[in-house]
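Q: Okay, here's the structure, questions in a sec.
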Amino acid sequence: MSKLRVAVIGAKGRIGSEAVRAVSAADDLELVAALGRGDRLETLAESGAQVVVELTHPDSVMANLEYCVGQGIHAVVGTTGWTDDRLARLGTALDAAPGTGVLIAPNFSIGAVLTMAFAQQAARWFESVEVVELHHPNKADAPSGTATRTAQLIAAARAAAGSPPQPDATVTALDGARGADVDGVPVHSVRLRGLLAHQEVLLGGEGETLTIRHDSLHHSSFMPGVLLGVRRVVHTPGLTFGLEHFLDLG
Ligand SMILES: NC(=O)C1=CN([C@@H]2O[C@H](COP(=O)(O)OP(=O)(O)OC[C@H]3O[C@@H](n4cnc5c(N)ncnc54)[C@H](OP(=O)(O)O)[C@@H]3O)[C@@H](O)[C@H]2O)C=CC1
Ligand SMILES: O=C(O)C1=N[C@H](C(=O)O)C[C@H](O)C1
């Protein structure tokens, strides 16, 4: 059986270098290109890459994906910074490239995907819910893509259940004290040396609280999800948002 030809963009980065190792070690995959900043995107087509793993920066990801989709190269994307406008632009590019698949995964780790699913499930049963994400201080963006997605899923679940807005009697506050408002869910971002990627979803009701916490302690936590994405995206045309669509969560 021929191996799937895979390239990594952002190959020298924290997660990109781990992805290079994981792809190289997989028996059914062949690493055909590993691009860093300044390298020519044309290398991707020249190398015969079938799937690109995009792990760069919110300022770089759109141009990289537009090139890949234009060439009919499938993509697995971990880079953050997804807005409705960007998703619409990517959708337009994909419409012109039938058969090409793109997976955008706000988080590749199974624990983080489950955290989002559990939070979505729990959200309607509690009056209050807030998200706290904690990351290393070299992270480019805040809030994290995972926290933004978690808050959006929580808000959608509450809206579907007809939950009222959550109570908050704050009348005076320093700017930022109540976090960022993502669809009505407060999201708080901590940047601290020594951390990698962590998230807590705090839910509160009358006389009880529930905390759902996930910790990524090493970039290897993201690799089973990256490899699953690579293997599945070639059979999944169009845009898939969230690794949960490639998992049977029951
Ligand atoms: N979905 C998930 O599970 C995960 C997602 N991420 C996300 O992945 C992204 C990268 O994170 P991280 O590895 O920590 O960041 P790093 O800064 O460590 O790595 C990014 C790498 O991409 C390079 N780069 C930037 N632009 C380009 C470009 N146009 N072409 C080629 N290479 C480029 C950077 O080069 P230079 O240093 O010169 O700028 C750097 O080497 C972030 O958006 C992060 O949030 C991270 C972990 C898990
Ligand atoms: O930058 C990181 O490190 C991470 N980024 C992703 C995010 O913004 O959610 C995934 C994970 O949290 C690690």
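The values are calculated or read from the model by the stated rules, or taken from the named source; none is laboratory data. None of these values were measured; they are calculated from a predicted model. Quick reminder, even Gly has a Cβ in these numbers, built from the backbone with ideal geometry, and neighbours come from all protein chains shown. Accessible surface areas use protein heavy atoms only, side chains included; no ligands, DNA or RNA. Shrake-Rupley method; radii C 1.70, N 1.55, O 1.52, S 1.80 Å.
Q: Within region 178-207, work out how many residues are open to solvent by 60 Å² or more (accessible area, probe 1.4 Å), part of a loop (DSSP other than H, G, I, E, B) and out of contact with any Leu (no Cβ under 8 Å at 6 or more places or on another chain).
A: Count: 6.
Q: Residue check: is LEU210 loosely packed, with under 12 Cβ neighbours inside 10 Å, over 30 Å from LEU31 (Cβ atoms), more than 10 Å from ligand 2 (Cβ to nearest atom) and of a type in the set (A, V, I, L, M, F, W, C)?
A: Numbers: loosely packed, with under 12 Cβ neighbours inside 10 Å: no; over 30 Å from LEU31 (Cβ atoms): yes; more than 10 Å from ligand 2 (Cβ to nearest atom): yes; of a type in the set (A, V, I, L, M, F, W, C): yes.
So LEU210 fails the test.
Q: Further question on the same structure: Please give the number of the condition VAL69 fails out of (1) outside the structural domain of GLU18 (by the TED database); (2) in contact with a Ser or Thr (Cβ under 7 Å, 6 or more places away or on another chain).
A: (1)
Q: Take the residues in region 195-204 that are more than 15 Å from ligand 1 (Cβ to nearest atom) and of a type outside the set (Val, Ile, Thr), then tell me which one is farthest from LEU114 (Cα to Cα).
A: The initial filter retains those residues of region 195-204 that are more than 15 Å from ligand 1 (Cβ to nearest atom), namely 200-204.
Retained after the next criterion (residues that are of a type outside the set (Val, Ile, Thr)): 200, 202-204.
Numbers: GLU200: 12, LEU202: 15, LEU203: 16, GLY204: 19 Å.
The residue in question is GLY204.
Q: Out of (1) in the same structural domain as ASP28 (by the TED database); (2) away from ligand 2 (no atom under 16 Å from the Cβ), the odd one out for ALA157 is which?
A: Here ALA157 clears every test but (1).
Q: Assuming ALA112 fulfils every condition listed in (1) crowded, with 24+ Cβ neighbours inside 10 Å; (2) on the phi > 0 side of the Ramachandran plot apart from one, which condition is it?
A: Of the numbered conditions (1) crowded, with 24+ Cβ neighbours inside 10 Å; (2) on the phi > 0 side of the Ramachandran plot, the odd one out for ALA112 is (2).
Q: While we're here: Give all pairs with beta carbons closer than 6 Å in which a residue from region 36-51 that is more than 13 Å from ALA11 (Cα to Cα) and not assigned by the TED database to the domain that holds ALA63 meets a residue that is within 8 Å of ligand 1 (Cβ to nearest atom) and aliphatic (A, V, I, L, M); count only pairs at least 6 apart in sequence or on separate chains.
A: Short answer, once both residue conditions are applied: none.
Q: Six or more apart or on different chains, Cβ atoms under 6 Å: show the pairs whose first residue is in region 126-147 and assigned to a loop (DSSP other than H, G, I, E, B) and whose second is aliphatic (A, V, I, L, M).
A: PHE126/LEU203; HIS136/LEU195; HIS136/LEU196; PRO143/ALA180; PRO143/VAL187
Q: A follow-up question, please. For region 1-120, which fully contained helices (runs of 4 or more DSSP H) count at least 3 residues that are away from ligand 1 (no atom under 16 Å from the Cβ) and of a type in the set (D, E, K, R)?
A: 84-95
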